[in-house]
Structures are given as structure tokens and as C-alpha cells.
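After the C-alpha cells below, expect a handful of questions from me.
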Amino acid sequence: MLIRKRRGWEIPESAATPESLFFNRRAVLKGLGAIGGAVAAGALPGAAHAAHDETGEADPSADLYPAAENKAFKLERPLTPEKLATHYNNYYEFGSQKEIFRLAQELAIRPWTIEVGGLVEQELTLDIDDLLRQMPLEERLYRHRCVEAWSIAVPYSGFPLKALVDLARPLGGAKYLVMQTFEKPEVARGQKQFWYPWPYTDGLTMAEAVNELAFIATGYYGKPMPKQNGAPLRLAVPWKYGFKHVKGIHRLTFAEERPVSFWQEIQGREYGFWANVNPEVPHPRWSQASEKFFGPDGVERIPTQLFNGYAEFVAGLYEGMDKDEALYM
Ligand SMILES: Nc1nc2c(c(=O)[nH]1)N[C@H]1C(S)=C(S)[C@@H](COP(=O)(O)O)O[C@H]1N2
Ligand SMILES: [Mo]
């Protein structure tokens, strides 16, 4: 067993009091500013009403699924049952409990545009259906590992993030790709919680973004992506913890500076930029040595793998970097 010294920023599990979750001052102040703006705009909860899409109406992209399997991304473990993967979710826009699937149905996913800006040759507004029809769709079996130490194995359909980067034509000065979720507090009730730094934001280095494992998922289990899983498009970077996997992407920004993510803004000591899966580095509240895998036969405790088992694809990205930095967060 590996014995390691605790670093200054780690606190033992036993000392993890609710105070360790308190939001930082900056996030709260930013939130207060936002509510001031909402009052001025007359858009307080109650005044706003939801823009529903016609539930039951066929998804206009349904004919694109199932996409052809890419056999390079197979798994040696069985898949998580679809019912579980679609009914046990993290999506704070709809609440902090796992059972948000019903509330997430309120989100209208058509029309849907993706704004592309920052350091690009030309800013773009992409329509989701135009995009889906020009991207090379394929299915990949991926592991997904949450920092809360549960994991699933799922079939995503979608396209390599690199294809979208190529379409966006970033300028040479771009070092990071920042992804952000929609802002619709009238349907996503969690966004009325002003102390959170909405919109949900996270990012990758350009080298990570064009790595072949970085995937934009638009389908799940051979069908269009369910709303609770991040429809109409979400990120899948399976060597990183789940919180990097921005759902409901509405904006891509190419930037020279590293973004501060949603969770980093809330609690920087617990959530860093890299978030590479590493069994040897505990999160202050969760050991990462093993994970609870949700399989077809129930929950199984299995050892965590470095980079979630994807070292052959991504270890090279972090060579020469300070290990303590890249292999923690
Ligand atoms: N916009 C947004 N994206 C998000 C989150 C969120 O709260 N909001 N939660 C993240 C976390 S912590 C995880 S583990 C995954 C969960 O994805 P799943 O529910 O499809 O399994 O979504 C990620 N993407
Ligand atoms: Mo997560």
C-alpha cells in the first residue's frame, strides 16, 4: 500500500465539516450582482415562464441513431443498465439530488444554437441540427467516473471534439477551450440559486481538446441524448472526473487564459482544473482508491485506474509537467 503524506490543502475525511463546503465570497458577491440585474429586468422567479417544447414530439435527429460503433473504444466491463444511467444524474441546473430526470424534461432543446467565440477567425452561431448532420457520428463505449467515487460504463454517440475545433478555426493564440451550459433559470430551477456561479463552465487545454478521446456526446444507448444526461450535446472526457463533462453546451470560447470552472469557483481546494482520475490522490471528502461501479448485477467495488484506464491515450499529454499538478487537479 502506498503511504503518502497529506498535503496542506487536503483535509482528513473526519474533519470535512459542512463548513468546508461553504461557498467562497467572490461567488456569493457575483450572485448578488446577478439577482440585482434580475430585479431590474423584472425577471424574478414567478414573472418568468417556461418555454416548453412539444413533449412527445419526435426528436429531429432521431434518424441519426444508432451510429456506427467505433471498435477502438470497447470496454472489458459490462455496460451499466440504461435505466440507471438515465435516472441517477448530476445536473445542478435542475437540483442537487440525483433524481433530476423529471425536472430536466422542462428544458426545450429545439431550437438550440451553439455560440463559438473568443480567439477564432470568425465568430459562429451553429444550429444543432445543421451541426449534427455535418459531423462524423459514431458510437463509443466509455467509462465515466464521478469524483463522488461512483462510476458507470455507457454507450455514447457523437463526434470527436476535434471535429468541432476544426470547424471553429481557432487562432494561434488560443490555449484553452472553454465550454459553458445554457442559462434558463425559468426552467432550470437550480439556476435561481444565485450563490452558484452560473453558467456551468469548464475547459480543456487545446492539446486535450484535440486528443482523440475527447468526445462530444449527442446520443446515449443508441438514441438521442436524454435531457437529464445533457442533451442536445455534452462533453465526454473519460480520463477526467465527471464534473469536467459540461452538459447542455451553449457556448464555446477559445481563450488564452485558463478558465475558472464552476466547481473551482465554489471550492477551489476540492476541484481543480486538471481533474485527471488518479487512485492515489484523494479528494478531501472521498478516497479515490476504489470506485463503486454500477453494473448489471448491482454495485461492485473496483480499484480505480490511473487516468480511469485511459493512460495509453492521454498520459503523453502530461509528460514533463509537474506530476503533483497534472495528476491531482
Ligand atoms: N451543466 C452541468 N453539467 C454537468 C454537471 C452539472 O451539474 N451541470 N454535473 C457533472 C457531473 S459532477 C457529472 S458526474 C456528470 C454526470 O453525468 P450523467 O448524469 O450523464 O452521468 O455530469 C457533469 N456535467
Ligand atoms: Mo461528478
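Touching a residue at least 24 places away in the same chain (Cβ under 8 Å) and touching a Leu at 6+ places or on another chain (Cβ under 6 Å), is that true of Ala67?
Yes: the conditions hold for Ala67.
Let me ask another. Checking the structure you have, find out if any residue of segment 217-236 is among the aliphatic types (A, V, I, L, M) and more than 13 Å from ligand 1 (Cβ to nearest atom).
For segment 217-236, residues among the aliphatic types (A, V, I, L, M) and more than 13 Å from ligand 1 (Cβ to nearest atom): absent.
In segment 183-214, how many residues are among the hydrophobic types (A, V, I, L, M, F, W, C), touching a helix residue (DSSP H, G or I) at 6+ places or on another chain (Cβ under 8 Å) and not in a helix (DSSP H, G or I)?
Result for segment 183-214: 8.
Working only within segment 253-286, note down all residues that are within 14 Å of ligand 1 (Cβ to nearest atom) and either within 11 Å of the chain's Cα centre (by Cα) or among the hydrophobic types (A, V, I, L, M, F, W, C) (or both).
Matches in segment 253-286: Ser261, Phe262, Trp263, Ile266, Ala275, Val277, Trp286.
Here is a further query. Which residues, taken from segment 165-180, are out of contact with any strand residue (DSSP E or B) (no Cβ under 6 Å at 6 or more places or on another chain) and either within 15 Å of Leu233 (Cβ to Cβ) or in a helix (DSSP H, G or I) (or both)?
Correct list: Val165, Asp166, Leu167.
Give just the number: which of (1) within 20 Å of Leu252 (Cβ to Cβ); (2) surrounded by fewer than 20 Cβ atoms within 10 Å (Cβ to Cβ) does Gly95 not satisfy?
That leaves (1) as the condition not met.
Only one of Ala174, Ala149 is under 22 Å from Trp274 (Cβ atoms), surrounded by 18 or more Cβ atoms within 10 Å (Cβ to Cβ) and within 15 Å of ligand 1 (Cβ to nearest atom); which?
Of Ala174, Ala149, the one residue that is under 22 Å from Trp274 (Cβ atoms), surrounded by 18 or more Cβ atoms within 10 Å (Cβ to Cβ) and within 15 Å of ligand 1 (Cβ to nearest atom) is Ala149.
What's the total number of residues in segment 224-282 that are among the aliphatic types (A, V, I, L, M), outside any loop (DSSP other than H, G, I, E, B) and farther than 19 Å from Arg145 by Cβ?
Final tally of qualifying residues: 4.
Now for a different question. Can you give me the number of residues within segment 89-132 that are farther than 20 Å from Glu186 by Cα, in contact with a helix residue (DSSP H, G or I) (Cβ under 8 Å, 6 or more places away or on another chain) and in a loop (DSSP other than H, G, I, E, B)?
Matching residues across segment 89-132 total 1.
Of these, Glu183, Glu138, which one is away from ligand 2 (no atom under 16 Å from the Cβ), among the acidic types (Asp, Glu) and crowded, with 17+ Cβ neighbours inside 10 Å?
After ruling out the rest, the residue left standing is Glu138.
Another question, if that's okay. Of the conditions (1) away from ligand 2 (no atom under 16 Å from the Cβ); (2) closer than 24 Å to Tyr65 by Cα, Gly248 clears all except one; give me its number.
Just one mismatch for Gly248, condition (1).
Right, next: Taking interchain pairs and intrachain pairs at least six residues apart, which have beta carbon atoms under 9 angstrom, with the first residue in segment 230-251 and within 13 Å of Tyr142 (Cβ to Cβ) and touching a residue at least 12 places away in the same chain (Cβ under 8 Å) and the second acidic (Asp, Glu) and within 11 Å of ligand 2 (Cβ to nearest atom)?
Gly242/Glu148
Out of all the residues in segment 267-305, which are farther than 18 Å from Thr80 by Cβ and among the charged types (D, E, K, R)?
The answer is Arg269, Glu270, Glu280, Arg285.
Bear in mind these aren't lab numbers, they're just calculated from the coordinates by the rules spelled out. These figures come from a predicted structure and were not determined experimentally. When we count neighbours, we look across all protein chains shown, and the Cβ atoms used for this are built from the backbone with ideal geometry, even at glycine.
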